[in-house]
1. Among 78, 68, 33, determine the one that fluctuates most according to a GNM of the chain built with springs between C-alpha atoms less than 10 Å apart.
2. Between residue 222 and residue 31, what length comes free when the chain is fully extended (0.36 nm per residue of separation minus the Cα-Cα distance, one decimal in nm)?
3. Simple spin-label model, 7 Å along Cα-to-Cβ: residue 274 to residue 292 in nm?
4. Among 80, 97, rank each residue by its count of other Cβ atoms within 10 Å, from fewest to most, as a rough exposure measure.
5. What's the Kirkwood radius of the stretch 3-290 in Å, using all Cα pairs?
6. Just want the ordering: 70, 167, 261, from fewest to most Cβ atoms lying within 10 Å of their own Cβ.
7. At a Förster radius of 45 Å, what calculated FRET efficiency corresponds to the Cβ-Cβ distance of residue 245 and residue 95, to the nearest 0.05?
8. Using a Gaussian network for the chain with springs between C-alpha atoms less than 10 Å apart, which of these wobbles most: 213, 240, 129?
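Just so it is clear, none of the values below were taken in a lab; they were calculated from the coordinates. Bear in mind the structure is a predicted one, so any value in this text is a computation, not a measurement. A quick note on method: Cβ atoms are made from the backbone with ideal geometry, for glycine too, and the neighbour counts reach across all protein chains shown.
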């Protein structure tokens, strides 16, 4: 993948998609239940990745005039890529996401009709966000949150056939954190007003680990405390510190990688220790990739 395409597709942020899918799969399936087929899980990872990259490519298309007006160093705005090509790639990726999700449901032995409906809703939310996000920052935060929530719900439906209560809690936490990222990123590139409230959204997302722990009733109290400690004492204060020092882009990048950390805390709170460790590794990978491909 060339540098221009990696930047356009925000390849550095893909680990956050993988951990969201992991949360959807692990929370949907009780510890006593066999894991989903690896092929089905792999297809859901592919579906989530394609949906995210397609949405990011589409974002550059809709933001082309704005990026050119404020001098944003994005490949499409700088003329490194052709608009028609980016549109074609975005459309192909979104279609591939839909097909991969259906394939995952078939391999997992789940009804395709519900998966198709949720996958279509995800694609619609992605397109709607890109079309509307410059008009209203609050609406943009809600729509972006819906995209991540739908990804978690889609994973649960495709692999488990239903969306149980714990999945809704986990999806809500991820949605709150995603809305926080959207609010925090407002004004990052200039040409738009800053927004407030991101810190409250991050805190609310972190605290969702408590009701998730209580509903699942897993014997993982120490892991719940460890996850909360990392989020509330280490990660969120680091984001706040970057923002306070005027390092706006750094704060946004930390918050993006923080999605993996949140996923780690959610997984640890239900006793999925191995999956939580994978999520934390993905968080480190995300920060490493941001050194080479900015995620904003």
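1. Greatest mean-square fluctuation among the candidates belongs to 33.
2. Full extension from residue 222 to residue 31 adds 67.0 nm.
3. The two pseudo-label positions are separated by 2.8 nm.
4. By the 10 Å Cβ count, ascending: 80, 97.
5. 18.9
6. Details: 70 13, 167 24, 261 27.
Ordered from fewest to most neighbouring Cβ atoms within 10 Å, 70, 167, 261 come out as 70, 167, 261.
7. E(calc), rounded to 0.05, equals 0.60.
8. 240
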